[in-house]
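See structure below.
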Ligand SMILES: [Zn+2]
């Protein structure tokens, strides 16, 4: 089994729709640290699990310097962002960590 881990930093803003009153409903920004884990039993014809630059393209091109509510079709919580990134990187991605600040990290893992 081969595993690759790609870490990126993006800057973006979001506002959350919540069932309770919270300052997170106001537009605010984070320097997000995204950690993507991919694995495969076999390498592709290029000798890779997945090209690191493909991960960067999916995550950074879509989410960096954006208002996430404008580019994602769901409430952009860290949990939902982690799930979305994992879904974009199938079949090899199995885990995504989304850290929105020191001490606050959401992880999505595929079953
Ligand atoms: Zn936030």
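Per the helix-only calculation at 222 nm, which mean residue ellipticity applies to the chain, given -39500 (n - 2.57) for every DSSP H run of n ≥ 4 and division by its residues, nearest 500 deg cm²/dmol?
Value at 222 nm, helices only, nearest 500: -7000 deg cm²/dmol.
Using 0.36 nm times the number of residues separating residue 46 and residue 24, minus their current alpha carbon distance, what extension gain do you get?
Length gained, residue 46 through residue 24: 3.6 nm.
What ranking do 12-25, 66-79 get when scored by the average of other Cβ atoms within 10 Å per residue, highest first?
66-79, 12-25
Based on alpha-carbon centroids, what's the gap between the range 62-95 and the range 5-25 in Å, whole number please?
11 Å
Quote to one decimal, in nm, the extra length available between residue 17 and residue 110 on full extension: 0.36 nm per residue of separation minus the C-alpha distance between them.
31.0 nm
If I stretch the segment between residue 31 and residue 9 completely, what's the gain in nm (0.36 nm per residue apart, minus their alpha carbon distance), one decimal?
Going from the current span to full extension adds 7.3 nm.
No lab work stands behind these numbers, since they all come straight from the coordinates. It should be emphasised that the depicted structure is a prediction, and the values quoted were computed from it without experimental measurement. We place every Cβ from the backbone using ideal geometry, glycine too, and count neighbours over all the protein chains shown.
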